[in-house]
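Take a look at the structure below.
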Amino acid sequence: MIRDLAAGLALRPATAEDEEALATFVGDVLRAQDGDDPNQHLVAWTRDLLSGRHPGFRPADATVVVRRDTGAIVSCLHLLTQTWAYGGIPIAMGQPELIGTLAEHRGAGLVRAQFEVIHRLSAERGQQLLAIAGIPWFYRQFGYEMAIERGGGPRLSVDVVTVKPQAPAGWRLRPVEDADVPFLVEVAATAAGRSLVSVPRDAALWRYELAGKRADSAARREIRIFERDGERVGYLAHVLELWGGGLAVTAFEVKPGASWREAWLTALPYLFGTGAAMARPGAPFAAVSFWFLGTRHPLYSVFRFQHFEAGYAWYVRVPDVAAFLGTVVPALERRLAASPCAGHSGTLTLGFYTSGVRIALERGKLTAIEAWRPDITVRGLEFGRPSIDPRRPLAMFPDLTFLQLLFGFRALEELETAFPDCVVRTQEARALLNALFPKTPSDVWPVT
């Protein structure tokens, strides 16, 4: 037991014995919007987690709130431990997932109580980042900001392709095999170079994707290998059922030296055939969705998509911004070296109104990054104008909005337009911020 709560409830870690009850609870509470039926794919995913299949999760990494009299679960939260990468720098992180509360117990602070436990556990593990793919607004209450690109790719309706596509000579798309794992590691690592935030997978993690999940798990993807004249040249992944009439492609990669256009022509017959086979009475196949590929992807240069769907974002929590920046210094210095501010020396102070960060630069190297607090005893009002008082920050970001800049989700000018109290005091500070934190796409396929 972690602690007793009000109204006859108690908070405790989950155990392996909770597998059936917790899986049933998750499937019931986290059903689709306005859905009548429990989500059986989430049931399977929860069972996978509680049975120890996930390489970064054990039953005690979940919390449950239960009734003290009956032991019935009324709320839950799971923490999946992973390693993501920022500009190629590995980052220890945690992904809170499968978070839900019975309707009659919502608004009582049960999720907040569980986040307190999970955040302590995350800190003990040295995780510098937490990220959630969650519902709108809700997780802002717990110190999260929507700050990493998620989705925003195109949708191809079946009625747009009027000529039946055919694979080019020598090309085929086949089921993945265990022998393909080294190839997947190599191609995915190359593709990660396009993204600010990515999820590195070694051979063990790819084998987990191929064979570590139940066939009907919400976390499972169908993976196929592109071959040209018998040689592996790429892969794609997609979901297991239609979402809103669309077959969602979650990954599409081709190795250097192979044609994206020919891979596209090879994929189309498979995707249209697979989508049609997934159709059910009352739920026809209407489109192939590339939403998960994000706003920028090489595929978009070989086919002119007419319709892009609105993107979303990952919630992000960074407990110690200065420490995070210190970890990713090599990535920041590479950006600086490739910018008009290469070799720059100076100081950049970032104020978050109640906290901040000071960055010292010497000939293009970040020589110091430390927590820094704006001084509230400065003389006069704050108008955001240039000042000779070094106690005033050179740039100011309200609340957690700096995270949007840090993770490439918004450009500096976009933040200034959206938030009038996002203020940059000097042209030097503006140049450095644009050099260090340009708007950059991310491709996050988490290990779930």
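At a glance:
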item	result
Qualifying residue in region 28-44 (condition: touching a His at 6+ places or on another chain (Cβ under 9 Å) and within 30 Å of Ser198 (Cβ to Cβ))	no
Any strands (runs of 3 or more DSSP E) falling wholly within region 328-402 and containing at least 1 residues that are among the basic types (Lys, Arg)	356-362, 365-371
Residue count for region 435-447, restricted to those that are over 14 Å from Gln95 (Cβ atoms) and out of contact with any helix residue (DSSP H, G or I) (no Cβ under 6 Å at 6 or more places or on another chain)	6
Candidates Arg58, Arg12, Arg53 - the one that is of a type in the set (Lys, Arg), within 24 Å of Arg125 (Cβ to Cβ), open to solvent by less than 60 Å² (accessible area, probe 1.4 Å) and out of contact with any Leu (no Cβ under 7 Å at 6 or more places or on another chain)	Arg12
Filter result (acidic (Asp, Glu) and either at positive phi or assigned to a loop (DSSP other than H, G, I, E, B) (or both)) within region 404-444	Asp421, Asp443
Residues that are farther than 19 Å from Ala263 by Cα and among the β-branched types (Val, Ile, Thr), drawn from region 134-159	Ile135, Ile148
Residue that is farthest from Ala147 (Cα to Cα) [pool: residues in region 277-319 that are of a type in the set (Gly, Ala, Ser) and in a helix (DSSP H, G or I)]	Ala277
Filtered residues of region 256-303 (kept if open to solvent by less than 40 Å² (accessible area, probe 1.4 Å), in contact with a Lys or Arg (Cβ under 8 Å, 6 or more places away or on another chain) and either farther than 28 Å from Thr190 by Cβ or of a type in the set (Asp, Glu) (or both))	Ala287
Extreme residue, nearest to Ala211 (Cα to Cα), among residues of region 139-194 that are part of a loop (DSSP other than H, G, I, E, B), of a type in the set (Gly, Ala, Ser) and open to solvent by less than 70 Å² (accessible area, probe 1.4 Å)	Gly151
Pair list, Cβ under 7 Å, 6 or more apart: region 102-122 residue in contact (Cβ under 8 Å) with a residue 40 or more places away in the chain, other residue assigned to a helix (DSSP H, G or I) and surrounded by 15 or more Cβ atoms within 10 Å (Cβ to Cβ)	Leu102/Val29
Residues within region 17-29 that are crowded, with 19+ Cβ neighbours inside 10 Å and not small (Gly, Ala, Ser), tallied	5
Subset of region 345-379 [touching a Lys or Arg at 6+ places or on another chain (Cβ under 8 Å) and touching a residue at least 60 places away in the same chain (Cβ under 8 Å)]	Leu348
Evaluation of Ser387 against (1) buried (at least 16 other Cβ atoms within 10 Å of the Cβ); (2) of a type outside the set (Asp, Glu); (3) within 30 Å of Ser198 (Cβ to Cβ) (one fails), failing number	(3)
Residue ID - farthest from Ala276 (Cα to Cα), chosen from residues in region 195-208 that are assigned to a helix (DSSP H, G or I) and either touching an Asp or Glu at 6+ places or on another chain (Cβ under 6 Å) or in contact (Cβ under 8 Å) with a residue 60 or more places away in the chain (or both)	Ala204
Some residue of region 342-355 being within 24 Å of the chain's Cα centre (by Cα) and either at negative phi or modelled with pLDDT of 95 or more (or both)	yes
Close pairs (6 angstrom Cβ cut-off, 6 or more residues apart or separate chains): more than 17 Å from Gln82 (Cβ to Cβ) and modelled with pLDDT of 95 or more in region 33-62, open to solvent by 60 Å² or more (accessible area, probe 1.4 Å) and of a type outside the set (Asp, Glu) anywhere	Pro38/Arg31; Asn39/Arg31; Ala44/Arg214
So Tyr312, is it farther than 17 Å from Leu156 by Cα and surrounded by fewer than 17 Cβ atoms within 10 Å (Cβ to Cβ)	yes
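The values are calculated or read from the model by the stated rules, or taken from the named source; none is laboratory data. Here the structure is a predicted model, which means the values were calculated and not measured. Glycine gets a Cβ as well: all are built from the backbone with ideal geometry, and neighbour counts include every protein chain shown. Each accessible area value is taken on the protein alone, full model and side chains, heavy atoms only, with ligands, DNA and RNA left out. Shrake-Rupley method; radii C 1.70, N 1.55, O 1.52, S 1.80 Å.
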